Every structure is written in structure tokens, then in C-alpha cells.
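Notes to accompany the following structure.
The values are calculated or read from the model by the stated rules, or taken from the named source; none is laboratory data. These numbers come from a predicted model, not from an experiment. Note that each Cβ is placed from the backbone with ideal geometry, even for glycine, and that neighbours are counted across all protein chains shown. The area values use the complete protein model at the heavy-atom level, side chains included, leaving out ligands, DNA and RNA. Shrake-Rupley method; radii C 1.70, N 1.55, O 1.52, S 1.80 Å.
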There are 2 protein chains.
Amino acid sequence: MPFTIATWNINSVRLRMPLVQRLLEERKPDILCLQETKCPNDQFPEKAFKALGYEHIAIHGQKGYHGVATVSKQPFDDIVRQDFCQIGDARHLSTRLSIGGRRLRVHNFYVPAGGDEPNPEVNVKFKHKLDFIEEMRLISAEAEPGVSSLLVGDLNIAPFETDVWSHKQLLKVVSHTPIECEGLLRAQADGRWTDLMRHHVPMDEQLFTWWSYRSKDWAASNRGRRLDHIWGSQDLAPALTAIDVMSAARSWERPSDHVPVLASFDIA
Amino acid sequence: MPFTIATWNINSVRLRMPLVQRLLEERKPDILCLQETKCPNDQFPEKAFKALGYEHIAIHGQKGYHGVATVSKQPFDDIVRQDFCQIGDARHLSTRLSIGGRRLRVHNFYVPAGGDEPNPEVNVKFKHKLDFIEEMRLISAEAEPGVSSLLVGDLNIAPFETDVWSHKQLLKVVSHTPIECEGLLRAQADGRWTDLMRHHVPMDEQLFTWWSYRSKDWAASNRGRRLDHIWGSQDLAPALTAIDVMSAARSWERPSDHVPVLASFDIA
DNA sequence: GAAATAGAAG
DNA sequence: CTTCTATTTC
């Protein structure tokens, strides 16, 4: 049975509802996980999603910043919002559902960006980021027996050399510093997660999901980073049939700086 | 020889360049006077106007607020920017040109709105407005022998009963208080100006050029005011062939709260 | 309600 | 470069 999940840092869901609609109509994923919705819960455009066939909506939003949401064609049987670092930020949303008899846990994350200075002693934002990924070590792909797991979202870290346009030039740039890359890989390992994007795309191939707004011709310079991720429990790796980074969306009208990433599976 | 002038409070010229283009393409006025350009001089979209055939551009802008501009198919032979109330505001721009051998002076005004409280003793903005129209008394339609004159723009005053949706309800609302209406009519009389809009449209007919952004269905409630004006020297009155208040523009995409007003002439 | 400004954040 | 939060102005 085919099944597709999409993740997208949308950078304001209200502003970009037309783009979300385009994604859903073109690709029809079963589940869409959004980050940076920048939308208070009472203003989330539920109607628009329901009209598109996504009748099941879980939101964890706040005013102005951050915010995650997961929408689905199938109903959720559990919804959890975890407050990482106990700071009150809306950065995590966990949902559980059944797809063709298979039970599935989906964690949707928006990891702190971390500011400019990659020194936790002087930059509290970077400290927050490191603390956050430290806490992520406790999120296990095997937490619930009989339930497969996915962890997707904007993790704001590009851990491998081919996850950035220039490993050398980004070594001291937040998102690709050794300390945070190692921290993220530690969380991945501790949680028994498989990096499904890299499971599908060879490690020697560049793979980006984000291009800064600051460079005019993003495609020509191609100074991207892989900040968005799809991780899965071990059992999902063999079921994976496709990874699709929708780079074209970076050129849509008034785009997000992130593009959607889709993972497709054929589950028994 | 036919000749048309348009005046429009555009509420940000950069934001509404597509609407300006639509006006110019649909109506092709010889001269367009804009108010509330909200555009520093070095950021005025000169190229766009030139591409539309308006190669002669006079601007009096400032950062953030106010600002007037006059664009023309014919060249100017004189440009004057007058600093009313010596406060440094960009609220006046006077240009002179020849149309079919006729010499023409065009004053483009953006009169201060005046704040909420119609009492010059407690509201310095209202005082400023009254001082401004007092100073306008010195602007004469007959200042230059052999030169016809026009005075157009957002004068922020609706002087007659039929210039507002409810004379009674607006008597104490800034824009229609007796003190400012009388002040404006005094400036009109002292300058030997003819109210060309009222020359063409009978006084018992309602005539509005502005509808607040605050009312959802501007057309249904029709709570408008005639804040924009076209005045002319006596000799132009018999040449006037049409006055056109483009109310339709209030329903264009992302509109200004003011609509364009056009005056057409057949000049010998 | 819809512009502008500024600063914070990405 | 683009989004938010505010404040101010009309």
C-alpha cells in the first residue's frame, strides 16, 4: 500500500496557503507536516485544509514565531505537544495514526535556528539549540511497540559535507558547525533513527532543502543547505520507495526559503 | 484640442504601481498628479512611468509620509516646490508646461489630514491644517499673465453638504467642520479659482472621491467624502468637457482609499 | 483597514 | 531578502 508524507517549513502558513494548496493538489501526500506556521491556534486556516481533503488537523502554534502543524487524510488517535527546554515554544507536535492497518507515530519538529555566533557561552540562542538537540536524544523510534515512527521537520542543521554548498566555508556558520552536527547525529543514533533522505540519496551527492532569501538567483549560485529531514524507524527503511526534494517550489510565487520534502513508502 | 489631467492620492506609489499603470493605460491622461507617494525621491519608479510614455517627471517626496509627484507626456518648463508652514513636509509641487500652444500652471497639493480633534487649541495637527489652507490663499490662479492654472490634489476637506455622505453626522468630523470648509472656500475665492468638479456636477448631486478602508463594503454603505479636488482659472471653465470620478478604482485589487479624478478640456 | 517606520529574527 | 512585532498616521 503506497503512502506519502511531506514536510515543509512554510514561513507563515496564512501567507502561503496558496502554495500549500498547490503542493497538496499536485502531490496529494497522506500527511503534511508544516513548520514555522507563525500562526496562533485560533487563526489556523483549518477550513482551507479540510476543503482540500485534509480533515484531520493537529496544531501547536503561537503568536508571531515558530509553530508546527500536521494535517492528514486519516484521523489521529493520539496527539502530543512536547515543550522542549521548557521555554514555552511551539516547536514539536507528535501525532499517531493508522495507514492501511500499520500504526505510525509522526514527530514534527522545528529546531531552534541558533543565532549567528556558534558559541554557547556568549550566544544563548546557540545554547538553546544545543540543549534542544540534546533533549531530542530521548525521542526514540522504538518508544511504542508495534508502532512505526517518523521524525520530520526543519532541524536547522546540515550534518554532512554534501548537505551544504561549501563544507569549508560553513564550518563556522551555525547549521553546519561540528558541535551541532555531532549533537544531531547523536540524537539520531540514540533514538535508533534512520536518515531516510540519505538512505535514498548517496552520501556523495549534494542534497539541499533550503536556499537563503538573501541571494537573488538562488538556483544559479545554488548555495543551499539540507536543513529539513525525514528520519524513520528501522522497519520503514526497506519500505521507502522515493525521496523527493521539490526544489521547483523555491521558484514559486512568493516562496518559502525552504522547499517541501516528500517520502513515499510501500507498506505491507 | 483635447486635454486631460488626472489627480490621485495613491497611498504609496511603489506599492500601487500596477494600479497607476492601469489608470494610465485605460485613460491616457496628459498629466497625472499623485499624492501620498510615500516614496523618497531616489526610489521613485521613474522607469515605469517613462516606459508608459510619461517621460517628464517632477517629484517632491520624503521618507515614509506625504509626498507628491506630477508626471506628464509634455515637458515642464518650470518646477517649484513650496514648503507650506515651513515644516519641511513634501506637500506641494507646481509645474508649468505648454499644451497645444496653451501655457498651463499645475499646482499639485496634499493638504494635511488634521488629526481627529477639530480644535486647533488642543490639536496641533488641526492647527497645521488651518495654517496650511490659510497660506493657500496666496496661491493665485492669475499669478502668471498668459498662463492658465489648475490646482488639484487631496485637499482633505469636503466643503459642501453633498460632498459627504451625511452632512449632519460629519459636522464635527475633521474634513467637514465649518472652520476648515470656510477656510478652503476662502482660499479658493482669494486665489480666483473655480471648483471645476462642482462646475460640472450639480451641487445637489452627491460626489465622493474617498471611502475609508475601515468599512468592509464601501459601495453598499457609500459613506464617502469629496476630499480630492480640481480647481481651475476662470478661463478654463468654459473649456471643461468632462469630470470623471473613477469610483470603480476603489474596487481594484489592493486599492487606494482615494479614487482618481479626471478633468478633460477642449482648449483652443 | 491599510500604509509607513523600526527592530528582531530567520 | 522576508517575515514577524510594535507604533504611528490617515
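Quick rundown of the values:
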{"quantity": "Beta bridges by DSSP in region A:2-266, antiparallel share as percent, to the nearest 5", "calculated": "80"}
{"quantity": "Cα-based equivalent ellipsoid, the protein assembly as shown: semi-axes from gyration tensor eigenvalues, Å", "calculated": "62, 24, 22"}
{"quantity": "Exam field: A:ARG22 pseudo-label spacings to other copies (7 Å along Cα-Cβ), nanometres", "calculated": "2.2"}
{"quantity": "Region B:2-266: Lys pairs at Cα distance under 22 angstrom, eight or more positions apart or on different chains", "calculated": "17"}
{"quantity": "Centroid-to-centroid separation of region B:1-58 and region A:105-148 [C-alpha atoms, Å]", "calculated": "52"}
{"quantity": "Where labels lie 7 Å past Cα in the beta-carbon direction, separation of A:ASP83 and B:ASP42 in nm", "calculated": "4.9"}
{"quantity": "Rounded to whole Hz, the Karplus (6.51, -1.76, 1.60) HN-Hα couplings of region A:33-43, x for glycine and proline", "calculated": "10, 10, 10, 6, 5, 6, 8, x, 3, 6, 10"}
{"quantity": "Shape of region B:174-247, Cα gyration tensor, a/c cut at 1.5", "calculated": "oblate"}
{"quantity": "Å² per residue, accessible surface of chain A at 1.4 Å", "calculated": "44"}
{"quantity": "Estimated dipole of the protein assembly as shown in Debye, rounded to 20 [Cβ of Lys and Arg +1, of Asp and Glu -1, Cα centre]", "calculated": "320"}
{"quantity": "Cα gyration tensor shape of region B:118-240, rounded if a/c is under 1.5, else prolate or oblate by comparing a/b with b/c", "calculated": "oblate"}
{"quantity": "Inverse mean reciprocal Cα-Cα distance (Kirkwood Rh) of chain A, Å", "calculated": "18.4"}
{"quantity": "Extension gain, A:TRP252 back to A:LYS168 (0.36 nm per residue minus Cα-Cα distance, nm)", "calculated": "27.2 nm"}
{"quantity": "Cα centroid separation, region B:190-268 to region A:211-257 (Å)", "calculated": "52"}
{"quantity": "Accessible area of region B:2-266 belonging to carbon and sulfur atoms, whole % at 1.4 Å probe", "calculated": "49"}
{"quantity": "FRET E, pair B:VAL147, A:LYS216, Förster distance 30 Å, beta-carbon r, rounded to 0.05", "calculated": "0.05"}
{"quantity": "Selection from A:TRP210, A:ASN108, A:LEU155, by position along the positive dipole direction of region A:2-266 (Cβ)", "calculated": "A:TRP210"}
{"quantity": "Residue with peak Gaussian network fluctuation, chain B [Cα springs, cutoff 10 Å], from B:ILE157, B:ILE243, B:ILE99", "calculated": "B:ILE99"}
{"quantity": "For chain A, built as a Gaussian network whose Cα springs stay under 10 Å, the top-fluctuating residue of A:ARG226, A:ARG91, A:ARG16", "calculated": "A:ARG16"}
{"quantity": "Fluctuation leader among A:SER247, A:SER221, A:SER256 - chain A, Gaussian network, Cα springs under 10 angstrom", "calculated": "A:SER221"}
{"quantity": "Exposed-loop-free span, longest in chain B, where chymotrypsin sites (Phe, Trp or Tyr not before Pro) count as exposed if DSSP calls them loop and at most 14 other C-beta atoms lie within 10 Å", "calculated": "B:66-212"}
